Amino acid sequence: MSDANQPGQDAAEQEQKRPLTLGRSGGRLELRKPVETAQVRQSFSHGRSKTVTVEVRKKRTIGPGPAEPGRTEPAPAVARDQQVHRPATSEPARLGVVLPRALTDEERARLQAMRRFRSTGSGYYAIQSTRPQTLAYGLTDSPAGQLAWIAEKFGEWTDDGLPDEAVGRDRLLTNVSLYWLTGTAGSSARLYYEAGRSGDWGPPVTSTVPTGVAVFPREIAPPIRRFAEQSNNIVHWAEFDRGGHFAAMEVPDLLVGDVREFFRRFR
């Protein structure tokens with residue numbers, strides 16, 4: 001009898017004897033086999049090729065989960081000896097900034113504020129950067145609409161409760177009237193539209209210009225100094241216990257004092 005098939009048979013027997021482990025994924029219980037490796041030959045357009053080793057994880061579903069009954073998906077292969085480009089998992093990483101492994105509680109809170117803003121608070125940016133003219137018709141046609149559009153941001157991005165409590169009702173209404181009486185809701189929104197098409201987005205470029213930063217607690221997403229220092233020459237950093245995005249209107253005394261302190265070193 002020929003032994004030509006003996007290597008394949010041995011491999012099959014070893015596969016059957018390989019121990020299984022119990023795990024959970026996506027609400028399902030799975031029997032998992034240990035990681036195996038496989039050789040893959042990768043060819044390039046210039047005629048050269050490279051062999052890489054990948055890990056292959058096999059799994060078998062033994063119980064349907066509540067969300068996706070009976071569905072089994074193969075785990076991804078992970079290259080061992082070549083660079084793997086993964087999608088960004090955080091805002092600083094997406095912008096080309098390397099996240100430190102250890103973050104303070106305050107830094108985590110600020111990073112979470114940015115994520116929360118992107119997921120629930122940036123709708124105004126999305127529509128103004130894509131359909132500013134459509135929005136302009138509604139805001140120019142309705143003074144109540146224009147008031148609601150701006151007042152909502154003063155409520156979200158200031159340090160007090162109601163929108164007019166942080167800056168005063170007269171000042172808030174004056175701000176809204178500037179847009180309504182001049183019919184500039186559309187032209188002001190084009191800032192976002194043009195910025196999104198300027199081609200300037202990408203990894204930050206290191207600046208050598210002396211930079212000062214004033215951080216107010218109710219800012220949309222207060223900056224993190226160690227991230228800012230990776231692309232800016234920070235020579236002045238001040239943090240305050242009150243104020244928000246509209247600091248010039250809300251806490252002008254704090255902002256003016258900080259600007260003076262920053263420029264005093266350059267006299």
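FYI, it's all coordinate maths here, none of it is from the lab. Small disclaimer: the values here were computed from a predicted structure and weren't measured. Counting neighbours? That spans all protein chains shown, and the Cβs are built from the backbone with ideal geometry, glycine included.
Listed values, structure above:
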{"item": "Gain upon complete extension [ASP105, ILE127; 0.36 nm per residue less C-alpha separation]", "result": "4.6 nm"}
{"item": "Peptides 124-136, 244-256 ordered by average Cβ neighbours within 10 Å, highest first", "result": "244-256, 124-136"}
{"item": "Assigned charges on the beta-carbon of Lys, Arg, Asp, Glu; the stretch 116-168 dipole about Cα centre (debye)", "result": "420"}
{"item": "Relative contact order (%) - the stretch 166-239, alpha-carbon pairs under 8 angstrom, separation at least six", "result": "29"}
{"item": "Order of TYR192, TYR137 under a 10 Å beta carbon neighbour criterion, fewest first", "result": "TYR137, TYR192"}
{"item": "Sequence-distant residues sharing a close amide H with VAL213 (under 5 Å, placed H)", "result": "HIS236, TRP237, ALA238"}
{"item": "Added length on full extension, which subtracts the Cα-Cα distance from 0.36 nm per residue, ARG264 to ALA238", "result": "7.9 nm"}
{"item": "Ascending count of other beta-carbon atoms within 10 Å, so fewest first, for THR208, THR184", "result": "THR208, THR184"}
{"item": "Hull volume in cubic angstrom per residue (convex hull over the Cα atoms of the stretch 103-264)", "result": "143"}
{"item": "Rounded if a/c under 1.5, otherwise prolate or oblate - the stretch 145-202, Cα gyration tensor axes", "result": "oblate"}
{"item": "Order by protection proxy (mean Cβ within 10 Å, highest first), peptides 232-240, 156-164", "result": "156-164, 232-240"}
